[in-house]
Structure formats: C-alpha cells, structure tokens
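Asker: Have a look at this one.
Read-outs: derived from the displayed coordinates by stated rules, not from any lab. None of the values given here were measured: they were computed from a predicted structure. Cβ placement follows ideal geometry from the backbone for every residue including glycine, while neighbour counts extend to all protein chains displayed.
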C-alpha cells in the first residue's frame, strides 16, 4: 500500500464526509487527536476505528498525553496527572524514574483501550533557568542524566502497554526562551554547549522508534532555518546524536514557521524529515500540506514500518497495584 509522508489531524469528534474522502485519497501514514476530537470512551473507540477503516491500514493514531497542561484525555473519564517536572520533584529519593514508569504504564493502558497506540512522549528537553514557561514543567529535569533516566522509564512504560513513544523535541528545546507555537525561537548556544547538554540527552535515547523535531533556529549549526527545515541540523540529529528512527516534524501550523503550507511541508521533507505533522484539521491547510508532501519511500518507508513493529503485545499489568505504588512514591 502507498502511504503519504504525513500525519494529519481532524476537525471534530466524528469524521465528516469530506474528511472520509480526503483521507481515503491522501492515505496518510497516521493521525493525531486533540481535545476537540474527544467526547467519551465509546465515541473515541468508534473514531479510532473509523480512521483506520477509512485509510484501509493499521495507521498509528497519536495523542499528546504527557500529563499536566498537555493532556488531551482528562476527567471525568480519565485521570488527571501532575505536570511531569512536579511529579519528578515529589517522588521519594531514588524512585523518580520508577514513578514515571508507573505513570506512563497506566497512561498506556488508558490509550490502548481507546485504540490509540502512539503517545507524543517522552520529553528529552533539558530544563534551564531561562526555559520558556510553555515548556518548563513539561520537562523531567535540569541535567542530561536525570532526563535520560526518566525518559527511558517513560519509554519502557509506554512500550510495555503496547504504545509507541515519540521522543521530543529533538535536538533540544530547553534553551528556547519563546513559545514556538507563537514565534520562532533562536538559541545562541555554541556547538560545544549544545553537545554537552542538549544533544547528550537525546544521544541517550537515540534508539527510540520515533522522534519529533524542534521549531528552533540554532545559529551554531544553521543561522537561517529552524531545525525542522534545516538539512545541517537534521544531519546532526542523524550523525551526531545517532537517531535513526522515524523523524516527524512538530506541527506545521505553529507560528514559528513561515511560508505557504505547501512549502512548509516540502522544505521539511527536503531537509531530511521522514514525515510531516499537521494538527489543526483545517481543510485548506491540509490540502496545501498534502500538495507539498510525497509518498513514503526508501529509508523513510523503512523507518515508518520499523517503528510500527514495536507496537508489541501488552504485558500483564495490575493497574490498582500500580496506582497504589505510585501514590506511595509520591507521598
């Protein structure tokens, strides 16, 4: 089957007639869900099934379920989670990583029951004093060793529950002092500084199956283009950090990027991203994105298929026992 190098959002909690036809023709690699797409468990199971039926393949269905401010599933049907950095701080000494494993193993169980098999986590962005508030408490720590240990635990928890992890925001968003949803951040750190901290965290997680880029300019590598559209930065991700999994863009509709949506997609793929991500479900934008997006082929197709092979069987798990242990660790 021919697949497009795209992951797309949709407008509401049910597929419109236009979306059914568009997705069937476009044949995107996968989909991503947001709060606007979610009503209750029964509706969500129906929607995930309809999405896969529409494209005729077992498409990965993504969601941002980090916990804290960034969680698309919440009360009354699903658990409310602490921001990750707050949970890390509250954990009993030596048990922060264990707490993250339990948290994301429970999240994986919630997701799989709904037909969602990919979570946009873990975060390997290293928190710093100047990290923008939109990102700060989504991080796991302020040093690479702590971040890698926590992110590895997140990965293990998700995979044990049959959910694919998406590492973000490679090669590092922690130095960003502005919100890339609204403007393009520039990180003036030297290459030595980037290697010692930002790259180091991602190097420790380079074996993960999927990763998401950062919409940030790193003048030490490329003075003009954000990582998502910069061949020198993508080369650093592949060669220096050593990540050889499926590389997707962050959302092309974020205001950090400029130009037409067709160009945003084309530039990202030309730079070396395997798949483009478009989230807001707007018809005109999706049509333009797909006009600039080719089919998955070559190494990108190999990475796409390889990632899906890691959607393994769900390991046996006692949620009640996990909740009790997590509560004890967090006091």
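Asker: Which of these, 316, 183, 255, has the largest mean-square fluctuation under a Gaussian network model of the chain (Cα springs below 10 Å)?
Answerer: With Cα springs under 10 Å in the chain, the top fluctuation among 316, 183, 255 is at 316.
Asker: To continue, here is another question. What is the antiparallel percent of DSSP beta bridges lying wholly in the chain, to the nearest 5?
Answerer: Of the beta bridges lying entirely in the chain, close to 15 percent run antiparallel.
Asker: Continuing with this model, one more query. With a ≥ b ≥ c the root eigenvalues of the C-alpha gyration tensor of the chain, is it rounded (a/c under 1.5), prolate (a/b larger than b/c) or oblate?
Answerer: It comes out oblate by the Cα gyration axes.
Asker: With 10 angstrom as the radius, rank 140, 104 by how many other C-beta atoms surround their C-beta, starting from the fewest.
Answerer: 140, 104
Asker: Over segment 1-93, consider all pairs of different Cα atoms and compute the Kirkwood hydrodynamic radius from their mean reciprocal separation; express it in Å, one decimal.
Answerer: About 14.7 Å for segment 1-93.
Asker: Also, I was wondering about something else. What number, in percent, do you get for the relative contact order of segment 250-310 if the mean sequence gap of Cα pairs under 8 Å and at least 6 apart is divided by its residue count?
Answerer: The normalised contact order for segment 250-310 reaches 36 percent.
Asker: For the residues 198, 251, 179, what sequence is obtained by ranking on other C-beta atoms within 10 Å, fewest first?
Answerer: 179, 251, 198
Asker: While we're looking at this one, here's another question. Treat the count of other C-beta atoms within 10 Å as a stand-in for reagent exposure and order 163, 147, 314 from fewest to most.
Answerer: Ordered from fewest to most neighbouring Cβ atoms within 10 Å, 163, 147, 314 come out as 314, 147, 163.
Asker: Could you tell me which of rounded, prolate or oblate describes segment 71-179, using a ≥ b ≥ c as the square roots of the eigenvalues of the alpha-carbon gyration tensor, with rounded for a/c under 1.5 and, failing that, prolate when a/b is larger than b/c and oblate otherwise?
Answerer: Prolate shape, in that a/c is at least 1.5 and a/b is the bigger ratio.
Asker: Separate question: Given an 8 Å cut-off on Cα distances and at least 6 residues of separation, report the relative contact order of the chain as a percent.
Answerer: 18
Asker: Given contacts defined as C-alpha pairs under 8 Å and at least six residues apart, what's the relative contact order of segment 99-218, whole-number percent?
Answerer: 33
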